[in-house]
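FYI, it's all coordinate maths here, none of it is from the lab. Predicted model only: the values in this text are computed from it and were never measured. FYI the Cβ positions are ideal-geometry reconstructions off the backbone, even for glycines, and counts take in every protein chain you see.
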Amino acid sequence: MTDATHRPARNKIVVWDLPTRVFHWLLVSCFVLAWLTSEDNRFLHVHVFAGYLMLGLLVFRLAWGFAGPRYARFGDFVHGWDNVRDYLRSLLQGRPQPFVGHNPAGGWAIIGMLLMGFVVTLSGIVVLGMEEGHGPLRGWMSPASAGVFRELHETGAGLFLALVGLHLLGVVVGALAHRENLVLAMITGRKWVEDIDTGVRHHSLLGAALLGLASMAAADYFAGYWLHGEEQAYQPFEGRPLPQSDTWNTECGDCHLAYHPTLLPARSWNKLLEQQHDHFGEDLDLDPDTLAELRAFANRYAAESGIDEPAYKINRSIPRDQTPLRITDTPYWRHKHEDIDAAVWRNPKVAGKSDCAACHLDAEQGTFEDSDMRLP
Amino acid sequence: MTDILRMLALCLLLGPMLAQAAALDDLLQQYAAEAQRPFSAEAGKRMWTQTHPSPKGGPDRSCSLCHGEDLSRVGKHARTGKKIDPLAPSVNPERLTDAKHMRKWLKRNCKWVLGRECTAQEKGDFLSYIRSQ
């Protein structure tokens, strides 16, 4: 306590209660995790978890902004423009006005970040529902209209990142101008300030509950990784089950994967079935009844049906006047697989382009979830 | 009472097994009507690894190309790489239990390997060999 002798009027008092600190660092983790997993589809489920947790945290923070202790309240750090201007001016003059909680400029950065947090997570749920067919909004709208929300999601994330940059800049400037270690303060909750009674309690129980709840949610969400067996690798996303046909699975599933009808348009299936006696050099030798049944199933759930993301995107990618006989010849398939390393294709575990199951855990089900893909 | 239950359980267990064996026996009987000699697992075994030139210039073809020489092991489709469950009924009890399936694949595979459909004699020999594994 040597510092106390140098600065007799100051003391280390509690400014940030525990729930606010837990919120802050969990939000930081979610933000970083979501950014790191935003590019690679294989980690989509981690990305989605970070989003859900972030939304939960934001809702908590909203409530805490009204019900929480003094410095956690919006009323404490949301200032009018005059105050912000005065503060920034004092900062430029090198004599910044002191604030125990957030300063007026920082306050607005926080409001901006909370707002962007809501924009990004909510639009994310919409995109997840439309493009991937998951989450609470699945099946509400077709993938066709997802574009706007995807834009919103990505722009919001960019703005969020910019605000985080400003916030970090503020922390650095604050550290220099006020000679405060703001990072440490957000960890311990204490700041060296004038010895006043702020009335802030730690609310340790609520803080611990928040942390516990987040951990439980994570354990529940990722439990599959510990429970999965050798034979059946864990599939983070179980796709919405596609319609199946026993006839299709037995007649088309013995030589290779029974490719689901969603993977090619109806005209392709019809041509394939017409040419059944020369099926890539094989004679399928199907009797008329079986053939009729297969044709009906294929036409009903062909790519045009758009019942899932691959169906919609494969169909959209094929020019109207073309009838590809291979899934691996469709522009969408080619585009999605063009970046795969040549070494992967040489791996003996991959029998060829059409050996979908070598890389897609859910190839049998036909759902081709982004995150159920594992390169061997 | 317990005896009756035990008998019942036995019937439930054996019933399907017998029915399955019956499917194979029926099929063999049909083939036997057209065959010249009694079926021989030995002959089936010999034909199993016999190679035939491929009409398309690929590797020589044989039954073992996809199913392997050890029928108790998992096979691999020569063109698509898909794994094929073991054919040997001793490790895969579901094998040789469905006449339609057996007919279909004997026709298809014989055409693929030999370039023609197998005779009843050959089919019987193949099935006798697979059954003994």
Listed residues A:ALA303, A:ALA218, A:ALA363, most fluctuating in chain A (Gaussian network, C-alpha, under 10 Å): A:ALA218
Percent of Cα pairs exceeding the 22 Å cut-off, where the set is the range A:108-214: 57 percent
Crossing angle, helix A:288-300 versus chain A [Cα axis fit, 0-90 degrees, rounded to tens]: 30 degrees
Folded to 0 to 90 degrees: helix A:146-178 orientation relative to chain A principal axis, Cα: 30 degrees
Residue-wise HN-Hα coupling along the range A:103-119, computed from phi with Karplus coefficients 6.51, -1.76, 1.60 (Hz; x: Gly, Pro): 7, x, 5, x, x, 6, 4, 5, 4, x, 5, 4, 4, 4, x, 5, 4
Sequence of B:GLU69, A:GLU293 once ranked by neighbouring C-beta atoms within 10 Å, starting from the fewest: B:GLU69, A:GLU293
Listed residue (A:PHE60, A:GLY158, A:GLY101) projecting farthest to the positive dipole end of the range A:8-222, Cβ model: A:GLY101
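Using Cα-Cα distances under 8 Å and only pairs 6 or more residues apart, what relative contact order does the range A:246-358 have, in percent?
Relative contact order, the range A:246-358: 26 percent.
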Span per principal axis, largest first, for the Cα atoms of the range A:8-222 (Å): 64, 38, 27
Rg/Rg_ref, the protein assembly as shown, where Rg_ref = 2.2 N^0.38 Å and atoms are Cα: 1.44
Burial ordering of A:CYS252, B:CYS110, fewest other beta-carbon atoms within 10 Å first: B:CYS110, A:CYS252
Chain A - charge dipole about Cα centre, Lys and Arg +1 at Cβ, Asp and Glu -1, debye rounded to 20: 2680 debye
The protein assembly as shown: calculated mean residue ellipticity at 222 nm from DSSP helix runs of at least 4, using -39500 (n - 2.57): -17000 deg cm²/dmol
Candidates A:PRO98, A:PRO348, A:PRO69: whichever shows maximal mean-square fluctuation once chain A is modelled as a Gaussian network with Cα springs under 10 Å: A:PRO348
Inter-part distance where the range A:258-294 and the range A:154-213 are each reduced to a Cα centre, Å: 63 Å
Highest-fluctuation residue, A:LEU291, A:LEU26, A:LEU227 considered, GNM on chain A with Cα pairs under 10 Å: A:LEU227
Relative contact order [Cα under 8 Å, 6+ residues apart], the range B:2-131, whole percent: 32 percent
Global size of the range B:23-133 as Cα Rg and Dmax, reported in angstrom: 13.4, 38
Note, ³J(HN,Hα) from phi for the range A:337-351, Karplus 6.51, -1.76, 1.60, rounded to Hz, x at Gly and Pro: 10, 6, 8, 6, 4, 4, 4, 5, 5, 7, 4, x, 6, 9, 6
Of A:LYS271/B:LYS76; B:LYS45/B:LYS82; A:LYS336/B:LYS76; B:LYS83/B:LYS107, those spanning more than 22 Å from alpha-carbon to alpha-carbon: A:LYS271/B:LYS76; B:LYS45/B:LYS82; A:LYS336/B:LYS76
Relative contact order, percent, the range A:8-222 [alpha-carbon distance under 8 Å, six or more residues apart]: 35 percent
Helix A:44-67 vs. chain A, principal-axis angle (Cα, 0 to 90°, nearest 10): 30 degrees
Least to most buried among A:HIS47, A:HIS167 (fewest other Cβ within 10 Å first): A:HIS167, A:HIS47
Note, ³J(HN,Hα) from phi for the range B:70-77, Karplus 6.51, -1.76, 1.60, rounded to Hz, x at Gly and Pro: 9, 5, 8, 9, 5, x, 8, 4
Gyration tensor verdict on the range A:258-325 (Cα atoms; rounded if a/c is under 1.5, prolate if a/b is larger than b/c, oblate otherwise): prolate
